[in-house]
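Peer 1: Here's a structure for you.
The values are calculated or read from the model by the stated rules, or taken from the named source; none is laboratory data. Bear in mind that the values here come from a model prediction, so they are computed numbers and not experimental data. So basically every Cβ, Gly included, is an ideal-geometry build from the backbone, and we count neighbours across all protein chains shown. The area values use the complete protein model at the heavy-atom level, side chains included, leaving out ligands, DNA and RNA. Shrake-Rupley method; radii C 1.70, N 1.55, O 1.52, S 1.80 Å.
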Amino acid sequence: MSGKTFKDFQDLPYNRVDMKKLEEDLAALGVKLEEATSGEAAFAVHQQYYELVGHAMTEMTIAEIRHDIDMTDETYSAENDYYDEMRPVFQSADNEYQKKLYNSPYRAYLEEKIGPVAFKNIELAMKSIDQKIIPLMQEENALTSRYNKLLAGAEIEWNGEKLNLSLMTPYLTSSDRQVRKDAWKKYTAFFEENEEEIEDIYDRLVKNRTKQGRELGYENYLPLGYARMMRNCYDGEMLKEFRSQVERDLVPFAEKLHEQRRIRLGLDHLSYIDEGVFFTNGNPAPTGTPEEILAAGREMYRELSPETGRFMDFMCDHGLFDVLGRKTKKTGGYMTYLPDYRAPFIFANFNGTNGDIDVITHECGHAFQGFVVAEDPIREHADITMETAETHSMSMEFFTEPWMEKFFGDQADAYRRLHIEDAVMFIPYGTMVDEFQNIIYADPSLSPKARNQVWHDLERRYKPHLDYTGCDLYERGTFWQNKHHIFDCPLYYIDYCIAQIDALQYKAWMDRDYKGAWESYLKLCKLSASDFFTGMVKQVGLRSPFEDGCIRDVISELERTVK
C-alpha cells in the first residue's frame with residue numbers, strides 16, 4: 001500500500017478526472033460487489049474501489065491546490081469550475097456504490113474489516129445526497145467559489161502598495177494603535193463596498209441549502225448539514241448543551257482574560273481594533289525568513305519525537321508546503337491529502353505574524369496524523385470527523401510550546417502567554433459561529449438585516465466586551481461575513497471548540513507529565529477513525545467535552561495556572 005514515489009509537489013503530473021468514466025467505473029465496481037460470492041471477494045472489490053477513488057481524489061486535490069495558490073491562473077480556474085460542476089456527479093456515483101457496500105450480504109465480514117464507524121458514516125452519506133439535488137449542489141459550489149474569489153481579489157491600498165486581506169494582518173494587530181485604527185478602516189471598507197454582494201451570496205446559499213434539505217425530506221438544512229459533517233456519535237441536542245456550558249462556564253473566564261489584556265495594554269476600554277493585540281509592544285512575531293522558520297520547524301520536530309522527525313523531513317524534502325503570502329492566493333490555510341502519494345500538503349499565507357508559527361504547529365498537527373496512518377490499508381480509517389482532526393492540530397500547538405524559542409527568541413514566553421489566552425478566547429467566538437448558523441438554517445426566511453441582528457445579539461452574550469464604536473459596519477452585526485467557514489463549510493466551526501477543550505486537557509496533562517500526554521496523543525493519532533470520537537477520547541484518557549462539568553473543570557484548572 002505504499003504510495004507512489006515523487007521528488008517535489010510542483011513536479012507532480014496532473015490530468016483532469018474524466019467524471020463520466022469515473023461514474024461508469026464506480027457503477028461497474030458496484031455490479032462486481034453485488035456478484036461477489038464471499039466476504040473475501042467483496043473486500044477484494046472494495047480494495048479496487050480504494051485505488052479508483054484514491055486516484056480521482058489525488059487529481060482533484062492537485063487541481064484545487066494549484067488553483068488556490070494562484071486564483072488568477074486561467075488553467076486551474078477552469079479546472080475549479082469543472083469540479084464545481086462535476087464533483088456532485090462523482091459524489092452521487094460514489095454514494096450509489098456505498099449503498100451496495102452497506103447492503104451487502106457480507107456486511108458482517110466487511111464491517112469486521114473496515115469497522116462500524118465506516119458503516120455509520122455510509123449511513124449518514126446515504127442521507128445526504130441524491131441524484132435530484134445534484135443541480136443544487138453544483139449551484140452551491142459555484143456560490144462558494146464566487147465568495148472565495150471575491151475575497152481573494154481584495155486589493156487594499158496601503159502605504160503605496162496593494163495588499164490582500166491576509167497581508168493586512170500585521171497592520172490590524174500593530175503595536176501602534178493609530179496604525180491599527182487606519183488598517184481596520186481600510187479592511188472594513190472592502191467589506192462595506194462588497195456588503196451587498198456578500199449578503200446576496202449568503203442569502204442564495206441559505207436558500208439553496210434549505211432547498212436541498214427539503215428535497216431530501218427534512219424540515220430544513222440542519223439534519224442534512226449534520227449528516228454531511230458526519231456527526232456520527234453526537235447530535236444537535238448535545239451540541240446545544242455544549243454551547244450552554246461554554247456560555248455558562250467559559251465566557252466569564254474569557255472575559256476576565258480580556259480584562260487582564262485591557263489592563264496590560266493600558267487602555268480605559270477595549271475597542272474592536274484591539275481585539276487581536278495582547279501586549280503594548282505588539283504581539284510577538286517570529287524571527288527569520290519563511291525558509292528559516294521551516295528549518296527551525298524541522299529541528300523542532302526532530303527533537304520532539306522520532307515519528308515527528310520523520311514526518312517533517314518528508315514534508316520538507318518533497319515540497320509539501322506552500323506558505324508564502326501572495327496577492328493572488330486564496331486566503332486562509334489548510335492541510336489536505338494526496339492519496340496516491342500518501343502525502344499530506346499544507347497551504348497557508350505567511351504574513352510575518354505569530355500566525356505563521358500556527359501553521360508549523362496547527363496545520364502540521366493535521367499533517368502529522370495523516371502521515372502516521374498513511375500505510376493503514378483501510379482507507380475508511382482516514383475518514384476522521386472534524387472534531388477529532390482539530391484535536392490533533394490544536395493539541396500539537398501545545399505539544400510544541402517548549403520549542404518556541406526557536407521561533408520567537410526572548411519573546412517565547414510572551415507567545416506562550418498569548419497562545420493560552422487566545423485558545424480560551426477563541427471558544428466563545430467559535431461557539432457563537434455555530435449558534436448563528438443553527439439559528440439561520442432553522443429559520444431560512446430571515447432577511448439579511450435580521451441575520452445581522454442575530455449576530456449582533458450573539459456577540460452581546462458571548463463577547464460582551466466588544467465595542468464597535470466608530471465602525472457602523474460591525475455595529476450592524478456583519479463581522480461574520482469575513483469567516484469563510486460560514487460560506488464554505490456550514491456547521492464546521494463548533495468542531496474547533498470541541499477540539500480546543502481536548503487540547504486544553506492535554507495542556508494541563510503535559511504540564512504534569514509531558515511524556516504521558518504525548519503517548520496518549522500519539523495513540524489518538526494512530527486510532528484515526530477506527531472508533532467514534534466519544535470512544536477514542538476515553539481510550540486515550542481524556543474526558544468527553546460533552547460530559548457535564550468537563551468545561552467547568554478545565555476552566556478551574558486553567559484559573560490556577562493562567563493568572
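Peer 1: Please calculate how many Å² of accessible area the chain carries per residue, with a 1.4 Å probe and no DNA, RNA or ligand atoms counted.
Peer 2: 40
Peer 1: Another question, then. Using only the Cα atoms of segment 282-369, build the gyration tensor, take square roots of its eigenvalues as a ≥ b ≥ c, and label the shape rounded, prolate or oblate: rounded if a/c is under 1.5, else prolate if a/b is larger than b/c, else oblate.
Peer 2: oblate
Peer 1: Sorted by accessible area (1.4 Å probe), largest first, how do Arg261, Arg476, Arg512 line up?
Peer 2: Arg512, Arg476, Arg261
Peer 1: A further question follows. Going by alpha carbons, how many degrees (0 to 90, nearest 10) lie between the helix axis of 386-399 and the longest principal axis of the chain?
Peer 2: 50
Peer 1: Which whole-Hz couplings ³J(HN,Hα) result when phi for each residue of segment 472-481 is put into the Karplus expression 6.51 cos²θ - 1.76 cosθ + 1.60, θ = phi - 60°, listed in order with x for Gly and Pro?
Peer 2: 4, 4, 6, 5, 6, x, 10, 4, 4, 5
Peer 1: Residues with amide H under 5 Å of Leu165's amide H, sequence separation 5 or more or different chain, H placed in the peptide plane at 1.01 Å from N; which?
Peer 2: Sorted by chain and number, the residues that satisfy this are Ala154.
Peer 1: Moving on. Once you have a ≥ b ≥ c as the square roots of the Cα gyration tensor eigenvalues for segment 92-164, tell me rounded if a/c is under 1.5, and otherwise prolate or oblate according to whether a/b is larger than b/c.
Peer 2: Cα axes put segment 92-164 in the prolate bin.
Peer 1: Then there is this: Between Leu324 and residues 5 or more places away or on another chain, which pairs have amide H atoms under 5 Å apart, with H built 1.01 Å from N, and which residues are they?
Peer 2: Residues meeting the amide H criterion: Phe350.
Peer 1: Please list Ser393, Ser38 from largest to smallest accessible area, probe radius 1.4 Å, with all protein chains kept in place.
Peer 2: In descending accessible area the options line up as Ser38, Ser393.
Peer 1: Could you sort out which of Lys329/Lys483; Lys120/Lys538; Lys185/Lys563; Lys162/Lys329; Lys162/Lys449 sit more than 25 Å apart by Cα distance in this structure?
Peer 2: Lys185/Lys563; Lys162/Lys449
Peer 1: Considering only the other residues whose Cβ falls under 11 Å of the Cβ of Leu172, what net charge follows from Lys and Arg at +1 and Asp and Glu at -1?
Peer 2: Net of charged neighbours comes to +1.
Peer 1: Could I ask something else about it? Do any GluC sites (Glu not before Pro) in segment 313-387 lie in a DSSP loop with no more than 10 other beta carbon atoms within 10 Å, and if so, which?
Peer 2: Sparse-neighbourhood loop GluC sites (Glu not before Pro): Glu375.
Peer 1: Compute the Cα gyration tensor for segment 1-93, then decide on rounded, prolate or oblate, letting a ≥ b ≥ c be the square roots of its eigenvalues: rounded whenever a/c is under 1.5, prolate when a/b is larger than b/c in the other cases, and oblate in all that remain.
Peer 2: oblate
Peer 1: Just need log10 I(q)/I(0) for the chain at q = 0.05 Å⁻¹, Debye formula, equal scatterers on the alpha-carbon atoms, no solvent, rounded to two decimals.
Peer 2: For the requested q values the scattering log ratios are -0.20.
Peer 1: Another question, then. For segment 71-78, what does the Karplus curve 6.51 cos²θ - 1.76 cosθ + 1.60, with θ = phi - 60°, yield as ³J(HN,Hα) per residue in whole Hz, taken in order and with x for Gly and Pro?
Peer 2: 6, 9, 5, 5, 4, 7, 5, 5
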